[in-house]
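Take a look at the structure set out below.
Read the figures in this text as sums done on the coordinates, not as results from a lab. What you see is a predicted model, and the numbers here were worked out from it, not measured in a lab. Virtual Cβ from ideal backbone geometry, glycine too; neighbours counted across all protein chains shown.
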Amino acid sequence: MLINSVGIILREVLEASLIMSVLLALSHLNQISRSWCIGATIMGLIGATLYAVNLATISSLYDGLGQEIVNICLYVLIFIFVLIIVKTLSQKPKAKLFVFSMVVCVAAAIVREGSEVIIYLNGFSSIPELFTPVLIGGAIGAGIGLSVGVFFYYLIINLSAVNAYCFSLAILILVAGGLMSQMTQLLLQADLVPSQSVIWDTSWLVSEHSLVGQILFALMGYEATPTMLQVVLYVVSIVITTGFAYGSFKTYKKAG
Amino acid sequence: MLLFAVISLPALSTPVFEIEIRNHLFFPSELTVPVNTKVKLLIINRDSSAEEFESYELNREKIIPANSKGVVFIGPLKPGVYPFFGEFFPKTAQGKIHVNEQ
């Protein structure tokens, strides 16, 4: 049970921690106070608790598809604000919008991932003999996930400014693709778009069960057996975000 | 013709399969669904703790809160075996979906 809980909590924390570390590093590079993150985290945790407590009610909405609809909205919300972040990154006059977008992204990511953590832990609170190992495992998982975030943060801020921007933008581009890929999966799961067959299978190369598969999933939404819609939306979101990132990078270089 | 037939199929004709979760086990733990067909899984969690229905092979993941039910659409699937599991209690909550040639 302990190992399992390490894995579950790690996966959830890693996704939120990765976004948070990149945005904190960008704040550092732009000489913006990083205090926005505290408010965003608190809002995210409140939102995650509310979502977790009301999950049964939310799930039963829209013929049992309420959960997918809320999660799709969260993914779209994060995606839109990742785009705004990438767009406003090097525009000093838009600093307020930039900070606001980072708050929305981090808060929404915590709602999405944090609610699963709360639901998971809460399920074990009624099973005393398992609760302690699950809590210990969860703490280890959260610790590893946060450490990876801290590692990324220091990695980025210790690069030269140009490399730091490139690296951060590359991660945001991959995260944006991953968000759209996960959103498509939920659209299919809820039957909100016409059902699709799988177009290829790379599980022989990198299995989603493997550690590498899990890391690739957290980083760029890796999927061994995608559908056509998923691949198309993934590519489209990567292209759009890369376009925005390129524009932003040019502005940054011009500004010196 | 076949294409039109598929498009015009009313939503009601989607076959429904029920899976119950009891004591962190799936009932039935193995089921067979039709090939190349969209299928609706109705997952009923009778336990007092939440479970997450998950399958890498089916690309599906959904939390089923305690004492409640959830809907997951899967397919159309090629013939094969598609394992699924309960992410919160993976030692016991294991199952397989079989898709056989017609």
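Annotations for the structure displayed:
- Shielding score for B:38-50, defined as the mean number of other chain Cβ atoms within 10 Å: 3
- Between the amide H of B:F17 and those of B:K40, B:L41, B:L42, distances stay under 5 Å, these residues lying 5 or more places away or on another chain, with hydrogens modeled in the peptide plane.
- Chain A: proportion of alpha-carbon pairs further apart than 30 angstrom, %: 29 percent
- The magnitude of the dipole of chain A, with charges of +1 and -1 set on the Cβ of Lys/Arg and Asp/Glu and taken from the Cα centre, is near 1420 debye.
- Global size of segment A:39-85: 12.3, 35 Å for Rg and Dmax (C-alpha atoms, Rg to one decimal, Dmax whole).
- Put simply, the amide H of B:F89, placed in the peptide plane, has neighbours under 5 Å in B:E52, leaving out anything fewer than 5 places away on its chain.
- Residue-wise HN-Hα couplings along segment A:192-207, as the Karplus relation 6.51 cos²θ - 1.76 cosθ + 1.60 with θ = phi - 60° gives them from phi, are 8, 10, x, 5, 10, 8, 5, 9, 8, 9, 9, 5, 5, 8, 10, 7 Hz; Gly and Pro carry x.
- Peptide B:70-79, shielding by other chains (average Cβ, 10 Å cutoff): 5
- Take A:107-120, A:165-178 and order them by the average number of nearby Cβ atoms within 10 Å per residue, most first; the result is A:107-120, A:165-178.
- Taking chain A and dividing mean pair separation by its residue count, relative contact order in percent (alpha carbons under 8 Å, at least six apart): 30 percent
- Think of segment A:90-229 as a dipole: +1 on every Lys or Arg Cβ, -1 on every Asp or Glu Cβ, centred on the Cα centre; then among A:H209, A:A142, A:A109, A:A109 lies furthest on the positive end.
- Largest-first principal axis extents of the Cα set of segment A:1-82 (Å): 48, 34, 20
- Global geometry of segment A:108-256, whether rounded, prolate or oblate, following the gyration tensor of its Cα atoms and the 1.5 cut on a/c: oblate
- Choice from A:A161, A:A142, A:A16 with maximal GNM fluctuation in chain A (Cα, 10 Å cutoff): A:A161
- Cα gyration tensor shape for segment A:82-157, rounded if a/c is under 1.5, else prolate or oblate: oblate
- Cα-Cα over 27 Å, subset of B:K69/B:K96; A:K94/B:K62; A:K87/B:K62; A:K96/A:K250: A:K94/B:K62; A:K87/B:K62
- A:D63 paired with A:V206, simple spin-label distance in nm, labels 7 Å along Cα-to-beta-carbon: 3.6 nm
- For peptide B:53-66, the mean count of partner chain Cβ atoms within 10 Å of a residue's Cβ comes to 6.
- Inverting the pair-averaged 1/r between distinct Cα atoms of chain B gives 14.1 Å as its Kirkwood hydrodynamic radius.
- Subtracting the Cα-Cα distance of A:A170 and A:A255 from their residue separation scaled by 0.36 nm leaves 28.6 nm.
- Remark: segment A:43-56, residue by residue, has Karplus-estimated 3J(HN,Hα) of 4, x, 5, 5, x, 5, 5, 4, 5, 5, 5, 9, 4, 4 Hz, where x stands for each Gly or Pro and the curve is 6.51 cos²θ - 1.76 cosθ + 1.60 at θ = phi - 60°.
- Viscosity 1.567 mPa s, 4 °C: Kirkwood-radius Stokes-Einstein D of segment A:189-247 over Cα pairs, µm²/s: 100 µm²/s
- Theoretical ellipticity at 222 nm over chain B - DSSP helices of four or more residues, -39500 (n - 2.57) apiece, nearest 500: -1500 deg cm²/dmol
- Look at the dipole of the protein assembly as shown built from charges on Cβ: of A:I8, A:T225, A:F100, the Cα furthest out on the positive end belongs to A:F100.
- Cα centroid separation - segment A:62-106 against segment A:151-223, whole Å: 17 Å
- Helix A:66-88 axis, angle to chain A major axis (alpha carbon atoms, nearest 10°): 10 degrees
- Difference of contour (0.36 nm per residue) and Cα-Cα distance, A:N54 to A:I3: 15.6 nm
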